[in-house]
Every structure is written in structure tokens, then in C-alpha cells.
Amino acid sequence: MRRGVVLVLLSLLLFPTVVGAKEAASWEQERMYFIMVDRFVDGNPDNNDQVDQNDPKAFHGGDIRGVIEKLDYIESLGFTSIWLTPVFENMPDGYHGYWIKDFYDIDPQFGTKEDLQELVDEAHKRDMKVILDFVVNHVGPNHPWVEEKPDWFHDELPIVLWNDQEQVETHWLFDLPDFKTEDPEVKDYLLEAATYWIEETGIDGYRLDTVRHVDKPFWEDFVKAVREVDPDFYLLAEVFDPDPQYVAEYDDLGFNSITNFTFYDRVSKTMTQKTANVDEIDVAASYAETFFNDPNQMATFLDNHDVERFMHVAELGGAESAERRLRLGLFALYASPGMPIVFQGTENAQKGGADPANRVMTDFPGNEELHEYVATMNRMRAEYPVFATGEQRMIASKDGMAVFERRDGEDVALYAINMNAEDREIEFEVSEVGEDTRLRGLLFSQLVTDSRGKFTIKLAGESANAYIVEESEVNMWTIGLLVVAIPIFLTGLVMWKRRKSAAEDTL
């Protein structure tokens, strides 16, 4: 194990949680690992009828059995839940799962319903939750239902004006037949399919694809239907748009969480550039605080299967070390408000441009040093819940370095990021945090104490640290007692010496 990670783990073990171990109200404390099933692990070579690994847009062999085989690996990284791309039967070449043909069958390339049931059972034995991707906006291209059930679909029109909500909801997304979700028959079919898999497998939630392309009344009925089956069922809505004001329109429909594309657009993107703006972390948090009911419930990510991978963009952006930037990005992901989602392969610093280059098979054993870092981030989030539940505030920012506070009642932690290539330091008033306090570093051993009413944090180039706020060992009461006690002690010592000297003279 690398020395840096040893220091982190020792820090977490030797200095127990000062920030209160408060149980999360909902899913903000989850740490999710996102899996594109076909591009993860081939656990059953017998179901590889359509596999062609030389074709980047064909099946490559990953399946549910492969996910089962890697549950211990995912758990070892510190993740508490997994999100799978759709596993239902797809139209030809639907390796990604989003070209659904039959909502009631598992695609043979991925396995069987029994495999899915086993996966859920095995995950639950490890206290891990399983989230399935569910698509209601469309079916796969050239689906026979378009001819057989024409009343189930909107007219075949492309989306031309993406700021026209009617087009976004009723026109076809690329060449995908668009469900008429306002039709009662279509709605009933989709709601029954959704509740079927909850009852059959015991899954814990759905990640809902292309939410903004479906009318809002449908979603209200969908939420009601699944919650009647399982009141605690988790619903993560994908609203693919960086405008927080637009995304916030979906925040009152009953979903637990919404994808925070603003975080991706502001934080992830700036961290891939040669000169990064650390203040974008504050901008993203401010937007979330302004527009969303609970920023901590938002789902945050550095990249996913729909965008270029972080490492690829960082190399193009001119970062001196793309992997070092990835570590900073992961740190910001885990320290900031929102439930962190990590795309498979990120723990290996996997590269890849636009689809399908961002979807290659995951390497094993992979980048073990980065595995340790990801595990440390997950441990930090687990041991110090304030990073999941606290409000965020920027305390100081100067020359590419910033300090942020996470506060939940009396539970307080800080984190600092230096985006410069050179070492930097930044100071701020102790009163910003609280009198008679000190800061103890978590990622590496660093004790920051009060110096004339100020804290000064020093960081090496392109590095970060998190801090727990704890009471100073020497506080004002102690100082006051010393001020009184020391003169008394010295006076007594002088008197004792005089008596001793007088006694010796007498002898």
C-alpha cells in the first residue's frame, strides 16, 4: 500500500470522527458505481452470440454474471450501490441497452431473470443497493410496434428546436420511436412493466433515462405507481441539461434525485483545462443551493457514457498530468454536495473520447494505486457524513486556491484545493470556522493551528486536503488558568527556596 494512502487511513483510524456520525435522511450518503453491463466483465461466454469485439458499436460480451463476479471488487473500492444500464431485451446491436424491444424480458446477451435476481440477492448480502436503468421515452430503432401499434407513438419528426419543450417531448430523439406517454394504454403498459421488475427482483431503484423528453404528468403517475409497490424505492432522474433553472422544473415531481449536469459543466470541465478556475466549485454549489430543494440529493459525476471521459478531455486540455487532475476531480466530487457517481473504469484512469470510445471494456486488475485513492475518497465520505449532509460555503479564494466549508449544525469540516502547478498557501480568519479550534488534515497529516487569529493552509501544486474541525488542546480557559496558576507557582517556589536557605543558615 502506498505511503500516502497509509497516512490517510491512519488519520481516519487514529483520529476518530469529530464530525458527528449522523444517519443520512435519504440517498445522499450513497456512493454509486455506474456499470455499462456489456462493457464490464464477460462472466458467461455461452451467451456471446452477437459479440464482435472488433466492432466498437457491437456487443462485447459483458453480462450480469460478470457483474456478480465483481461485486467484491466494487465493495472493496468502498461503493455502496451500483447502477446498471438497461438489461431488457434490445433490438439488434443494442449493446448499451437503450434500444429496448421487450420490457418484460432480459436480453439473452446479458443473461436471465434468474441472473438478475441473484445479482440483487448477492448485492444485498454486501449491504449494496442495485439500481436499474429504465427507459420510457422510446423503443429501439425499427421496432415492430411502430407498424403494429401506430397509436402508441408520436409522429416521426426530428427535434429541430431543442429549446421548444413540445418538440423535446413529442418528437423523435434521433431515430428512436417516441412513445405517446400521454396515452392511457401506453402509460399503463410502462407503469406495469416498471412495477413488475420491482416485485420480481427486489431492486432498490431506477435511474430514469431521458426524463426531459417525457411529459411531466406521466412522471407524476410513474412516481405514484412505483411508490405504491415500495414506498422507499429510489428514483434518479436524468435531465441532460446544464441549465439549473430548467432542471429545477423537475425537482417537484417526486424524484429522489436529479443528475447534476451543472456540476459536470462547471466543475468537471474546468478541472480538465490547463488553467482551471477553482471558483467554479462555488458557482456550481451556489446554483444548486438557489434552484434545488436539496443540493445534497443531486447526483454528481465527472463523466459518464454520454460524454467524453475526464482523462481524455484533460489530455486535450493541456493538463500536465491528466491523472493528477483526475484525482483532484474525484476529490471535488466527493467533498462537494451531492451523491457521487463514478463511471466504471474511472478508477483505472481509463481514457476515451466521444461515444463509443468512452465505452470500451474495463481493464482488470487496473490502476491499483488509483483504486486506493478512490477507496480513500469513499472512506472519507463514509466516516465523515458532513461531506454528504452539510451545506457548502466558500471561505476563501486566492490565486487558484480555495477553501470550502461543509456544515451541518455543529458538525463542521473544511476542504481546500490548489489548482496551480506551484505550491500555494491561503489564510483566513479563525472566526470563519469558530474560536478555539484547529484543523486536522485527513488525506495527509497536516495540523493547522490558530496564529494570531488566522488559519494558514499550505498545499503543494495540484493537490487537495480535507480537514476536520476540532477543539484546540489549549483554549482560552486553559490560558486563563495558566495565567493565574503560573505566578502562584513561581511565588510559592521562591518562598520555598527562601525558607530552605534560612534553614541552612541556622544550621
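The dipole here belongs to the chain: it is taken about the Cα centre, uses +1 on the Cβ of Lys and Arg and -1 on the Cβ of Asp and Glu, and is about 3660 debye.
Remark: the residue 293-residue 423 segment gains 43.0 nm on full extension, using 0.36 nm per residue and subtracting the alpha carbon distance. Any idea what log10 I(q)/I(0) is at q = 0.19, 0.20 Å⁻¹ for region 44-139, Debye with uniform C-alpha scatterers and no solvent? Evaluating at q = 0.19, 0.20 Å⁻¹ gives log10 I(q)/I(0) of -0.92, -1.00.
What Kirkwood hydrodynamic radius do you get for region 311-391 when you take the inverse of the mean 1/r over all pairs of distinct Cα atoms, in Å?
Details: mean 1/r = 0.0733 Å⁻¹.
Every distinct Cα pair counted, the radius reaches 13.6 Å.
Can you give the longest run of the chain that contains no GluC sites (Glu not before Pro) sitting in a DSSP loop with at most 15 other Cβ atoms inside 10 Å? The longest such stretch corresponds to 183-319. Take the Kirkwood radius over Cα pairs of region 280-354, plug it into Stokes-Einstein at 10 °C and 1.306 mPa s, and you get 121 µm²/s for translational diffusion.
Accessible-area rank, largest first, for 70, 351: 351, 70, with all protein chains present and a 1.4 angstrom probe.
A Förster distance of 25 Å, applied to the separation of the beta-carbon atoms of residue 163 and residue 316, puts the FRET efficiency at 0.30.
Taking amide H as placed 1.01 Å from N in the peptide plane, the amide H of residue 420 sits under 5 Å from that of 462, each at least 5 places away or on another chain. Rolling a 1.4 Å probe over the protein heavy atoms leaves residue 170 with an accessible area of roughly 40 Å². Accessible surface of residue 73, taken over heavy atoms with a 1.4 Å probe and every protein chain present, rounds to 30 Å².
Scalar couplings 3J(HN,Hα) for region 162-175, obtained by applying the Karplus form with A = 6.51, B = -1.76, C = 1.60 to θ = phi - 60°, are 6, 9, 9, 4, 5, 5, 4, 8, 10, 8, 6, 7, 6, 10 Hz; x denotes Gly and Pro. A Förster distance of 25 Å, applied to the separation of the beta-carbon atoms of residue 306 and residue 126, puts the FRET efficiency at 0.30. For residue 437, the residues whose amide H sits under 5 Å from its own are 472, ignoring neighbours fewer than 5 places away on the same chain, with H placed 1.01 Å from N.
Please grab the % of Cα pairs in region 242-333 that end up more than 23 Å from each other.
On the way: 1034 of 4186 pairs.
Result: 25 percent of Cα pairs exceed 23 Å.
Shown in residue order for region 42-48 are the 3J(HN,Hα) couplings computed by the Karplus curve 6.51 cos²θ - 1.76 cosθ + 1.60 at θ = phi - 60°: 8, x, 9, x, 6, 10, 9 Hz (x for Gly and Pro).
Database remark: amide H of residue 138 closer than 5 angstrom to the amide H of 179 (H placed geometrically; neighbours at sequence offset of 5 or more, or on other chains; Pro and chain starts carry no H).
These residues, 107, 251, go from largest to smallest accessible area, 1.4 Å probe, as 251, 107.
Using a probe of 1.4 angstrom and keeping all protein chains present, the accessible surface of the chain works out to 43 square angstrom per residue.
Partners of residue 187 within straight-line reach, counting lysines whose Cα lies under 28 Å from its Cα and excluding those fewer than 8 residues away in the same chain: 101, 113, 129, 149, 216, 224. Run the 1.4 Å probe and let me know the accessible area of residue 236, rounded to the nearest 10 Å². Taking all protein chains as shown, residue 236 has close to 0 Å².
Post the alpha-carbon centroid distance, region 318-368 to region 95-170, in whole angstrom. A separation of 26 Å, based on Cα centres.
Seen through its C-alpha gyration tensor, with square-root eigenvalues sorted a ≥ b ≥ c, region 101-162 comes out prolate because a/c lies at 1.5 or above while a/b is bigger than b/c.
If the cut-off is 17 Å between C-alpha atoms, which aspartates and glutamates fall inside it for residue 351, apart from same-chain ones fewer than 8 positions away? Counting by Cα, and skipping residues close in sequence, residue 351 has these aspartates and glutamates nearby: 303, 306, 308, 315, 320, 323, 363, 368, 369.
Computed over Cα pairs, the Kirkwood radius of the chain leads via Stokes-Einstein (0.692 mPa s, 37 °C) to a diffusion coefficient of 132 µm² per second.
The values are calculated or read from the model by the stated rules, or taken from the named source; none is laboratory data. Keep in mind that what you see is a predicted model, and the values were worked out from it rather than measured. FYI the Cβ positions are ideal-geometry reconstructions off the backbone, even for glycines, and counts take in every protein chain you see. Each accessible area value is taken on the protein alone, full model and side chains, heavy atoms only, with ligands, DNA and RNA left out. Shrake-Rupley method; radii C 1.70, N 1.55, O 1.52, S 1.80 Å.
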